[in-house]
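My questions all concern the structure below.
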2 protein chains.
Amino acid sequence: MYRTHTCGELRISDAGKVITLAGWVQKTRDFGGMTFVDLRDRYGITQLVFNMETDAGQCKLARELGREFVIRATGLVAERSNKNPNMPTGDIEIFVDTLHILNPAETPPFTIEENSDGGDELRMKYRYLDMRRAPLQRNLMLRHRMAQSVRHYLDLRGFIEVETPVMIKSTPEGARDFVVPSRMNQGQFYALPQSPQMFKQLLMVSGYDRYMQIVKCFRDEDLRADRQPEFTQIDCEMAFVEQDDILNTFEGLAKHLFKEILNVEFPGKFAKIPYEQAMTEYGSDKPDLRFGMKITDLTEKVVGCGLSVMAEAEYIGGIVATGCADYSRKQIDDLTEFVKKPQIGAKGLIYVKYNTDGTIKSSVAKFFDAAALRGWAEVTGAKAGNLLLILAGKRDKTLKALGELRLEMGRQLNLMDKNKYIPLWVVDFPLVEWDEETKRFYAIHHPFTAPKPEHIPMLDIDPGKVHANAYDLVINGIEIGGGSIRIHDSGLQKKMFEVLGFTDEQAQYRFGFLMNAFKYGAPPHGGIAFGFDRWVSLFAGLNSIRDVIAFPKNNQGRDVMQDSPGIIDDEQLKELGIRIVTSDK
Amino acid sequence: MYRTHTCGELRISDAGKVITLAGWVQKTRDFGGMTFVDLRDRYGITQLVFNMETDAGQCKLARELGREFVIRATGLVAERSNKNPNMPTGDIEIFVDTLHILNPAETPPFTIEENSDGGDELRMKYRYLDMRRAPLQRNLMLRHRMAQSVRHYLDLRGFIEVETPVMIKSTPEGARDFVVPSRMNQGQFYALPQSPQMFKQLLMVSGYDRYMQIVKCFRDEDLRADRQPEFTQIDCEMAFVEQDDILNTFEGLAKHLFKEILNVEFPGKFAKIPYEQAMTEYGSDKPDLRFGMKITDLTEKVVGCGLSVMAEAEYIGGIVATGCADYSRKQIDDLTEFVKKPQIGAKGLIYVKYNTDGTIKSSVAKFFDAAALRGWAEVTGAKAGNLLLILAGKRDKTLKALGELRLEMGRQLNLMDKNKYIPLWVVDFPLVEWDEETKRFYAIHHPFTAPKPEHIPMLDIDPGKVHANAYDLVINGIEIGGGSIRIHDSGLQKKMFEVLGFTDEQAQYRFGFLMNAFKYGAPPHGGIAFGFDRWVSLFAGLNSIRDVIAFPKNNQGRDVMQDSPGIIDDEQLKELGIRIVTSDK
């Protein structure tokens, strides 16, 4: 060992000991006769002291140390005269006898501090330096701790960790697969799994009863802000269970993590909200319940009004922003711009200000008298001083827009407290949704999700109305995980493939082995998968998953540190039996 | 829940309870008035009883149950009159009130028993059925338990689990990479990691100090008997350590696993044997020390003899097989065939039988007198009744052949007790080896392995003689893991790349980011990686890793259950910018 102690562990009780530390130079301060060096490792920072009078040689060497030099220092632990109560090691310092430079360092391209002066791109390129910073070390420690805690909790409850394969068969349904050309089977490809879905179901067929794995998954999608081509799931499956068994088990896991990691306790059960209610009240299937501001349906209230945009709308709904009656023209204009953004797509924003002096001001005052506007206040619960914001249009789209507007108002009014956590289950999702473009139904979760038993007859008549035995765990507006009870009956699975428009051949080619497996005694089963990156970032108080991943990729799917992906040589292409054809670009 | 208890937990103390079980029908026995059903789940087997007199309906239903039907049964726990002491639940049975068939099953293509009647290929195709068998369930439970135990042990010792990326840059050195064409960066490829080697070294540069991960690795090799294209490593790295720190830490891990999993204790330290000694004494860099039978160098003993094959040999060595002096002509012929196999490549086998009656019989009696042959016995320690087996030829090749012959004799003489474990460290490996074909040196471990400090000057003169700070953990002749102290000095790393014949551009393209990282303060560090599949199979008492992997691939790299790899459609190929070119096949 190059050290006897770490830089985080020496205390006043160690005074008088001769010890050896090793680590990185955080900073040096030169006060003429004395030179101080802050020595850093993963465990903390300890102050080293060099004295020009007693040992000029070592002191001169210390003065030449640059930031991030790797050194080893042996010396005496001494009580500090000038204690630093902000550091665990702040009561002591080391009078260094012997200093060794283990490795010098070039000056880093940005500061290795709590807040760095480096830009995003530069820090990504030098990720190994960025990762020295305390925030990233905290994030990765948190991730480590959560991973151990998850496995330990599930292990105690009889879950078996089984490693499922990374090179599997390509069965795309939804996102694109990444593929791996096979050299031994030229012209054929493996796929990287979007999830171990089929394998975990097979494990249930195999009688493993309870399965868990923290596992990498892959999706070749055009990357939006907070997506990574490879990401990590906590993947679980249970046999002989119904929906509530799964919710109870994983509500237990969530509570355990909250308690063990954040010391947050939830005495009662998590709320359980049907999908339809979540959409109607919050305009979202992942409502942030840290604040109210529910959506009120005003459609009935405007019947027969003279404003065509309202009179002809399929749906009209509003939210009440408390204390915002004094919003300026500029603020209202900004909100209007916000809802008109293409991602949100509202045509315009209607407002009613219920002023504290009892007056009412509205963008639709021409079309509604004060009594009508007071009537809206009554339904929506708007009080004096409040601002009523209204959108009109197609029902689903308008609800989603209202949901976005609600979140925006939550941000503006600081209603999203990072230290407050409101978890809930969203249940009763639709089973399938119709796609106008391809004229077929798509599975909302995946093709193995079981319909509610009482809805099965509707599969033949109106599949869009069928509810699934599916559930999401949502915390603070973030979908942390989701799952479903699976179809375990091969007849029902076949019917489901029909609804999704798969021919027998397609179903057989893609999922044949699973359908076959189900013929040999499949137990009732269901499961759930959690987005581990997201869960860690939620607990870390971050908005992005990037900084809870050691070596993330950028929005072009590139690792700018490695400069990957890269070219491979012609010999290897030939062995793989493929040729690059990029002429049409 | 579909059950109140599992099929493994009911005991005599539960008699009188009404319970519900769910599981698979192991077998049914029909005795006219009574029908017995053995119900199986992961946890055990419980006997269900149906009585024709008291409930003819349920009993008739029970009679129709086929093997592997999934059922649920509710009934009364009762003491058995005819107890089965071989089953934990053997004291009780269930008088079933209500039987539900949850899912019928077609007759499985082979028996789901401890020993199945199915052939290898059939069982691979129906892997999900094979995995129901108790041996596979035991193997996967063992794997689960070992994984938890490894992480727990390392977690307690400050190791952080960090997930390294699966899609990385292709930097082949040694085995071929699997590659993943990038859609967003057409013409470029990611590679799947052969190991997270560079990432774990970067983590040390980043100050993470102690890293661990149980991680999938990938090698596109022509598959030998016991290789898988994807396999699992226990991957670890430590900073500020020397070789002995790593050996001590992971000897601790190994002892912990032996104790916790197998209840085997090792009081002393593991033996530490230099590579050169292992080769000289056992003809192997992974000697099986469960038995002796060391190789003796006889080269000096035959100087000037009249037999050209011996007189001209660079090296002559022998092993003594105890009690084999009475080997028949046929047995000796078989051994001769064995050493002449192309994989072993000896030219022939020389033997000396030291008979119990004091006579000596040898294939080279013509060339050596009895005194000479007695002299050999003296050096080799051969006693009356023993058989001395001798090979001659080039030194390295002959030693390896003797090593193989030693193992063969160990097998024939039953010296390899599966319940005996002898772990040891092999140390002081050569750093590089010369390849005649490509006329360059190759790294024995990998290009980041540090030479012994005292050997560094020899890098310029005679690289082949340089020893590495590298080590393997060997148990019972199986290399369970290996690692090294890494080069942390960029100057020395550059020199190493020169020795390996990399141009500056090649080194920069492949490892540039690592060499750059080392400029910013790399700590001394080293690590180790264990073959997790092999370790589990060793503990399971298996010769192959296939049955400790849930969904393995066959020798052609195919998953015959999924029928993977498979074709992908033209649209996807076009998006990836590649074309299949297999015309030359």
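Of all the accessible heavy-atom surface of the range B:291-415, with the other protein chains kept in place and a 1.4 Å probe, what percent is carbon and sulfur?
That fraction is 50 percent.
Please compute the Kirkwood hydrodynamic radius over the range B:381-503, one decimal place, Å, based on all pairs of different Cα atoms.
Across the range B:381-503, the inverse of the average 1/r is 17.2 Å.
Rounded to the nearest 0.05, what FRET efficiency do A:E575 and A:D226 give with R0 = 41 Å and r taken as the Cβ-Cβ distance? Could you check?
Result of the calculation: an efficiency of 0.65.
So which aspartates and glutamates can A:K60 reach, going by Cα to Cα under 18 Å and dropping same-chain residues fewer than 8 places off?
A:D30, A:D38, A:E68, A:D97
Next question, about the same structure. Copy-to-copy spacing for B:L76, label 7 Å out on the Cα-to-C-beta vector, in nm, shortest first?
Label-point separations across copies, in nm and ascending: 8.5.
Could I have the simple spin-label model distance between B:T98 and A:E53, label points 7 Å from Cα toward Cβ, reported in nm to one decimal?
9.1
Could you pull the copy-to-copy label distances for A:D297, with points set 7 Å along Cα to Cβ, in nm to one decimal and sorted shortest first?
The answer, with the shortest distance listed first, is 9.3 nm.
Given B:K400/B:K439; A:K301/A:K366; A:K361/A:K383; B:K494/B:K519; A:K216/B:K574; A:K340/A:K361, which pairs have Cα atoms separated by over 19 Å?
Over 19 Å Cα-Cα: B:K400/B:K439; A:K216/B:K574; A:K340/A:K361.
Can you run the Rg to Rh ratio on the range A:291-415? Use alpha carbon positions and the Kirkwood inverse-distance Rh.
Rg divided by Rh gives 0.92.
So how much accessible area does B:F511 have, in Å² to the nearest 10, using a 1.4 Å probe?
Looks like 10 Å² after rounding.
Right, another one. Where the centre of each part is set by its Cα atoms, how far does the range B:258-275 sit from the range B:138-180, in angstrom?
Centre-to-centre (Cα) distance: 23 Å.
Additional query: What residues does the range A:65-111 have that are buried by at least 30 Å² of accessible area in the full protein assembly compared to the chain on its own, 1.4 angstrom probe?
Buried by the other chains: A:V70, A:L102, A:N103, A:E106.
Tell me the mean residue ellipticity at 222 nm calculated for chain A from its helices only (DSSP H runs of n ≥ 4, each -39500 (n - 2.57), averaged over every residue, nearest 500).
Mean residue ellipticity, 222 nm, calculated: -8000 deg cm²/dmol.
With a 1.4 Å probe and all protein chains kept in place, how much accessible area does B:D435 have, in Å² rounded to the nearest 10?
Answer for B:D435: close to 50 Å² accessible.
How much accessible surface does A:W434 have with a 1.4 Å probe, in Å² rounded to 10?
120
Could you give the length gained by full extension between B:N543 and B:M1, i.e. 0.36 nm per residue of separation minus their alpha carbon distance, to one decimal place?
Taking B:N543 through B:M1 to full extension adds about 191.2 nm, to one decimal.
Restricting things to Cα coordinates, could you compute the convex hull volume per residue of the range A:12-103 in Å³? Don't skip to the answer; put the middle values down first.
Working: hull volume 8.4 nm³, N = 92.
Hull volume normalised by residue count: 91 Å³.
Can I ask one more? Ignoring ligands, DNA and RNA, what percent of the accessible area of the range A:12-103 is carbon or sulfur (1.4 Å)?
Roughly 49 percent, rounded to a whole number.
With a cap of 15 neighbouring Cβ atoms within 10 Å, and only residues DSSP puts in a loop, list the trypsin sites (Lys or Arg not before Pro) found in the range A:88-169.
Taking the range A:88-169 and a limit of 15 other Cβ atoms within 10 Å, the loop trypsin sites (Lys or Arg not before Pro) found are A:R157.
Another one. What gaps in nm, shortest first, separate A:E314 from its twins in the other copies when you place the label 7 Å past Cα toward the beta carbon?
8.3
Taking a label point 7 Å from the Cα of B:E64 along the Cα→Cβ vector, which residues of the range B:19-44 have an amide N closer than 16 Å to it?
So the set is empty, nothing qualifies.
Here's something else I'd like to know. Over all directions, average the projected area of the Cα convex hull of chain A and note it in nm².
Taking a quarter of the hull surface, the average projection is 37.1 nm².
Expressed as a fraction of 2.2 N^0.38 Å, the rule-of-thumb size for a compact globular protein of N residues, what is the C-alpha radius of gyration of the range A:513-584?
Working it through for the range A:513-584, the quotient is 1.88.
If you place +1 on the Cβ of every Lys and Arg, -1 on the Cβ of every Asp and Glu, and leave all else neutral, what size is the dipole of the protein assembly as shown about its Cα centre, to the nearest 20 Debye? Before the final figure, lay out each step's value.
Numbers: 148 positive and 162 negative charges, 146 e Å.
Here the protein assembly as shown has a charge dipole of around 700 debye.
Another question about this same structure. Taking R0 as 35 Å, what FRET efficiency do you get between B:M416 and A:S149 from their Cβ-Cβ distance, rounded to the nearest 0.05?
The value I calculate is 0.25.
Let me ask something else about it. Using a probe radius of 1.4 Å on protein heavy atoms only, what is the accessible area buried between chains A and B, both sides summed, to the nearest 100 Å²? It would help to have the intermediate numbers written out before the result.
Values: alone 29990 and 30010 Å², together 48280 Å².
Heavy-atom accessible area buried at this interface is about 11700 Å².
Provide the per residue accessible area, probe 1.4 Å, for the range A:210-339, rounded to a whole number of square angstrom.
Dividing the accessible area of the range A:210-339 by its residue count gives 42 Å².
Can you give me the long-range amide H partners of A:G481? Hydrogens built in the peptide plane at 1.01 Å from N, cutoff under 5 Å, separation of 5 or more residues or another chain.
A:L473, A:G531
What does a probe at A:Y442 reach in the range A:392-434, counting residues whose amide N is under 13 Å from the point 7 Å along Cα→Cβ?
Of the residues in the range A:392-434, A:432-434 have backbone N under 13 Å from the label point off A:Y442.
Once both labels are modelled 7 Å past Cα along the beta-carbon direction, what's the B:D435-A:I478 spacing in nm?
About 4.7 nm separates the two model spin labels.
Something else: Relative to the Cα centre, what is the charge dipole magnitude of the range A:519-567, using +1 at the beta carbon of each Lys and Arg, -1 at the beta carbon of each Asp and Glu, and rounding to the nearest 20 debye?
Values: 5 positive and 4 negative charges, 46 e Å.
Its charge dipole is roughly 220 debye.
Also, quick follow-up: How high is the relative contact order of the range A:12-103, in percent, with contacts defined as C-alpha pairs under 8 Å that are six or more residues apart?
Contact order relative to length: 33 percent.
Rounding to the nearest 20 debye, state how big the charge dipole of the range A:291-415 is about its Cα centre with +1 on each Lys and Arg Cβ and -1 on each Asp and Glu Cβ.
On the way: 18 positive and 14 negative charges, 39 e Å.
My answer is approximately 180 debye.
While we're here: Excluding residues fewer than 8 places away in the same chain, name every one of the aspartates and glutamates whose C-alpha is closer than 13 Å to that of B:K420.
Within the straight-line limit of under 13 Å, B:K420 reaches these aspartates and glutamates: B:E265, B:D288.
For the charge dipole of the range A:291-415, defined by +1 on Lys and Arg C-beta atoms and -1 on Asp and Glu C-beta atoms about the Cα centroid, which residue among A:M409, A:A384, A:I319 has the Cα displaced farthest towards the positive pole?
The Cα lying farthest towards the positive end belongs to A:M409.
Per residue in the range A:223-264, which ones lose no less than 30 Å² of accessible surface when going from chain alone to all protein chains (1.4 Å probe)?
So the qualifying set is A:E230, A:F240, A:E242, A:D245.
Convex hull over the Cα atoms of the protein assembly as shown, averaged projected area in nm²?
60.7
May I pose another question? Considering protein heavy atoms only and a 1.4 Å probe radius, which residues within the range B:484-514 exhibit an accessible-area decrease of no less than 40 Å² in the full assembly relative to the chain by itself?
Those residues are B:Y509, B:F513.
Moving to a separate point now. For the range B:12-103, what is the accessible area per residue in Å², given a 1.4 Å probe and the full set of protein chains?
Computed with neighbouring chains in place, this is 45 Å² per residue.
The values are calculated or read from the model by the stated rules, or taken from the named source; none is laboratory data. Note that the structure is a prediction, hence the values are computed from the model and not measured. All Cβ positions, glycine included, derive from the backbone under ideal geometry; neighbour counts span all protein chains shown. For the accessible areas, the whole protein counts, side chains as well, though only heavy atoms, and no ligand, DNA or RNA atoms are used. Shrake-Rupley method; radii C 1.70, N 1.55, O 1.52, S 1.80 Å.
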